[in-house]
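Novice: Quick one: the structure is below, questions incoming.
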Protein chains: 2
Amino acid sequence: MKWIAFLPVAVAAVSGVAAFTVHASGYAEKKAAPVFGVTIPLGYRDWRLISVAHEAGNLNDLRAIVGNDSAIAAYREGQFPFPDGTIIARLAWSYVPSEENNKVFGRPQSFVAGPATEWALQFMVKDSKRYASTGGWGYAQFNKDGIPADEAVHKTCFPCHEAVRTRDFVFTRYAP
Amino acid sequence: MKWIAFLPVAVAAVSGVAAFTVHASGYAEKKAAPVFGVTIPLGYRDWRLISVAHEAGNLNDLRAIVGNDSAIAAYREGQFPFPDGTIIARLAWSYVPSEENNKVFGRPQSFVAGPATEWALQFMVKDSKRYASTGGWGYAQFNKDGIPADEAVHKTCFPCHEAVRTRDFVFTRYAP
């Protein structure tokens, strides 16, 4: 009856948003994040790059912002607001000096992605009906093992993204 | 006779490595880089992410390292050395403080990708026969308009990458 075990994956592949993930670190069942009910999208690590950033301070990370096909198409074609079905992901790794690179450059200048940060994963999911009260976006944060942050954390997402309401609540610009 | 104009693109799509590119900034004809004869690969901006980094100092960039399917498969499956056909690309943007993000965070901590840097594009192309004398890799650097760097610059690539000979001359590790 092996097909039963694979059924959720098949359903997830069709829906595009999964209760399970293929993340290389192999964590299995995923819980939906509170407030918005967002789960980790299947295959997000294969998505195309939107941009990169460095957050210093307490976060101290290097991050990649990637998007599903809908996100990439919308950015490139200037489709605004983003269409329903758009998902934008933020992946974060610790900001680590590279001794190996610095030796080659001859000075301490190189910082690379180390292990995933504690809160490695964030997602924005566009569904203008379901998330009408939060600008059409659902928000989710998961730790590096795929466990969602609590309700209090998720209630801080939208107030923060309101700062960029004129850009459909999305901070990141496309890197050419 | 419009088909003539599109012929090089069609040939490039089949060969996978192009004398022309689909880069959004729209630059047209590409010259092969000196020494190794590498041209800008078609569709590199759609490749999947290997990792991200920040080079401070004179470079002062945020960079994404992306790879073609062969590169991504090799990284994930631990295939070593990288197989012929692997291409790894380094895309660099200027390292710019984000006033917009800093306002939201309440302190100056956010750095994002600005315009492409002067030497925005680098590629490593694996061909163990053609590039036998340089570890099996051909190297190329192009500016943001797709113009290759000169011969002197290209002669510095391999000596630098020799520092990581034990990792098949590739500096970047895969970010999980």
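Novice: Can you tell me which residue among B:Tyr131, B:Tyr95 is over 20 Å from B:Ala163 (Cα atoms) and modelled with pLDDT of 95 or more?
Specialist: B:Tyr95
Novice: For B:Trp93, indicate whether it is touching a Gly at 6+ places or on another chain (Cβ under 7 Å), outside any loop (DSSP other than H, G, I, E, B) and within 26 Å of A:Tyr174 (Cα to Cα).
Specialist: Yes.
Novice: Go through segment A:102-123 and give me each residue that's within 19 Å of A:Trp47 (Cα to Cα) and either small (Gly, Ala, Ser) or exposed (fewer than 14 other Cβ atoms within 10 Å of the Cβ) (or both).
Specialist: A:Ala113, A:Ala116, A:Ala120
Novice: List pairs: first residue in segment B:118-136 and without any contact (Cβ under 8 Å) to a residue 40 or more places away in the chain, second residue outside any loop (DSSP other than H, G, I, E, B) and loosely packed, with under 15 Cβ neighbours inside 10 Å anywhere in the structure, Cβ distance under 8 angstrom, at least six positions apart or on different chains.
Specialist: That search, which allows pairs on different chains as well, returns B:Gly135/B:Glu162; B:Gly135/B:Arg165.
Novice: Quick one: what pairs do we get from segment A:37-62, first residue within 8 Å of chain B (Cβ to nearest Cβ), second in a helix (DSSP H, G or I), C-beta under 6 Å, 6+ apart or different chains?
Specialist: A:Arg48/A:Ile72; A:Arg48/B:Asp46
Novice: Pull up segment B:74-104, narrow it to residues that are β-branched (Val, Ile, Thr) and within 17 Å of the chain's Cα centre (by Cα), then point me to the one that is farthest from the other protein chains (Cβ to nearest Cβ).
Specialist: Selected residue: B:Thr86.
Novice: Quick check, is A:Arg107 farther than 18 Å from B:Leu49 by Cβ, more than 13 Å from every other protein chain (Cβ to nearest Cβ) and in a loop (DSSP other than H, G, I, E, B)?
Specialist: Considered against the rule, which asks whether it is farther than 18 Å from B:Leu49 by Cβ, more than 13 Å from every other protein chain (Cβ to nearest Cβ) and in a loop (DSSP other than H, G, I, E, B), A:Arg107 comes out as no.
Novice: Right, here's the next one. Can you work out which of the residues in segment A:48-101 that are of a type in the set (Lys, Arg) and surrounded by fewer than 20 Cβ atoms within 10 Å (Cβ to Cβ) is nearest to B:Arg45 (Cα to Cα)?
Specialist: A:Arg48
Novice: Still on this model: Only one residue in A:Val17, A:Val22, A:Val38 is at pLDDT below 95, closer than 29 Å to A:Ser133 by Cβ and in a loop (DSSP other than H, G, I, E, B), so which one is that?
Specialist: Just a single option satisfies the conditions, and that option is A:Val17.
Novice: Just to be sure, is B:Trp137 out of contact with any Pro (no Cβ under 9 Å at 6 or more places or on another chain), surrounded by 15 or more Cβ atoms within 10 Å (Cβ to Cβ), under 16 Å from A:Val104 (Cβ atoms) and away from every other protein chain (no Cβ under 11 Å)?
Specialist: Yes, satisfied.
Novice: Right, another one. Please go through segment B:53-73 and give me each residue that is of a type in the set (A, V, I, L, M) and either under 29 Å from B:Lys129 (Cβ atoms) or under 16 Å from the mean Cα position of the chain (by Cα) (or both), ordered by number.
Specialist: Within segment B:53-73, B:Ala53, B:Leu59, B:Leu62, B:Ala64, B:Ile65, B:Val66, B:Ala71, B:Ile72, B:Ala73 qualify.
Novice: Kindly indicate whether any position in segment A:148-166 is surrounded by 17 or more Cβ atoms within 10 Å (Cβ to Cβ), in contact with a Pro (Cβ under 9 Å, 6 or more places away or on another chain) and at the interface with another protein chain (Cβ under 10 Å from one of its Cβ atoms).
Specialist: No, segment A:148-166 contains no residue that is surrounded by 17 or more Cβ atoms within 10 Å (Cβ to Cβ), in contact with a Pro (Cβ under 9 Å, 6 or more places away or on another chain) and at the interface with another protein chain (Cβ under 10 Å from one of its Cβ atoms).
The values are calculated or read from the model by the stated rules, or taken from the named source; none is laboratory data. Everything quoted here is computed from the prediction, not taken from an experiment. We place every Cβ from the backbone using ideal geometry, glycine too, and count neighbours over all the protein chains shown.
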